[in-house]
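All remarks here apply to the structure that follows.
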Amino acid sequence: MNDTVTGIILKQTDYREADVIISVLTKEYGKLSFVASGARKMKSKNAGAIMPCTIAEIQFDYRPDKTMFRLRTARTRQYFRILHEDLLLSAAASAACECADVMAMAGSEEEFITEKYELLETCLTYLNEKKDPDLVLACYLAELMDLFGISLDVDECVHCGSLQVSAFSVADGGFLCEECARKASVPLRPARQLKRLRLVVKAGLKHFAAAEATDENFRQELLDLAAAMRRHAGVEIRSFSFYNSLFDH
Ligand SMILES: [Zn+2]
């Protein structure tokens, strides 16, 4: 049976002599893998349409018992040109796509397929509009963690329930009051920092404009969310290290 899906290309891996395997987050079925035969040959007509961090329409032969399919044709639906011309934005896009890729593997049952697709599509759209990549990624991670049921608790102290919060604990996945933070040897944080983290977690990309309007710097909040995801989802996002290294000078 010939089928067509629309999907975001998450990853491309060389396979055999001239083929590639692509991992694609589709709107219709969640994450699927395709073998693109001959995609590394100069004259391949599909090569241009299977670039990571782009949206493609893919025709393939569907088989109900398979998880990997042979790609027939691929056509670019959205290239996100501005994003791909900028080192920082493209690094942020790679990190977002890698998150979607590794998280989809970590989750056993696929829920919220459409939401996950739309979340990543919005993330790439915002990066392509040159919005602050730290904030876009932070809001993306916050909403992604929420979809996977591991969102941070930023309403109260996760130990005692006190509303007077003074610290953020990666290990506990949320805020701590001053007393609980001291007991757990977690460093205290400025109130403004905790307020920013709460804002990002509450906003996600859905209410991005509210976080953007503050005109604050969200570098620390992105590092906090990435650390929490590494810890609670048990996944390592290699593209994050590269993205972060771009700030180290
Ligand atoms: Zn407490």
Burial ordering of Leu119, Leu147, Leu152, fewest other beta-carbon atoms within 10 Å first:
Leu147, Leu119, Leu152
For region 114-122, 3J(HN,Hα) per residue [Karplus equation, 6.51 cos²θ - 1.76 cosθ + 1.60, θ = phi - 60°, Hz, x = Gly/Pro]
5, 4, 5, 5, 5, 5, 5, 4, 5
Highest first, please rank the peptides 74-81, 194-201 by the mean number of other Cβ atoms sitting within 10 Å of their residues.
194-201, 74-81
Give the distance, in whole Å, between the Cα centre of region 54-80 and the Cα centre of region 98-166.
26 Å
What Kirkwood hydrodynamic radius do you get for the chain when you take the inverse of the mean 1/r over all pairs of distinct Cα atoms, in Å?
19.1 Å
Partner lysines whose C-alpha sits under 30 Å from that of Lys43, ignoring same-chain residues fewer than 8 away, are Lys11, Lys27, Lys31, Lys66
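Longest segment of the chain with no GluC sites (Glu not before Pro) in a DSSP loop having at most 14 other Cβ atoms within 10 Å?
130-235
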Looking only at region 144-164, which residues have a backbone nitrogen under 20 Å from a spot 7 Å from the Cα of Glu178 in the C-beta direction?
155-164
Tell me the angle of helix 191-203 to the major Cα principal axis of the chain, expressed in degrees between 0 and 90 and rounded to the nearest ten.
40 degrees
Please compute the modelled spin-label separation between Glu28 and Thr76, points set 7 Å along Cα→Cβ, answer in nm with one decimal.
2.3 nm
Between Arg40 and Glu110, with labels modelled 7 Å along Cα→Cβ, what's the label distance in nm to one decimal, could you check?
2.7 nm
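Values in this text are rule-based calculations from the coordinates and carry no lab data. What you are looking at is a predicted structure, and each value in this text was computed from that prediction instead of being measured. Note that we place each Cβ from the backbone using ideal geometry, even for glycine, and neighbour counts take in every protein chain shown.
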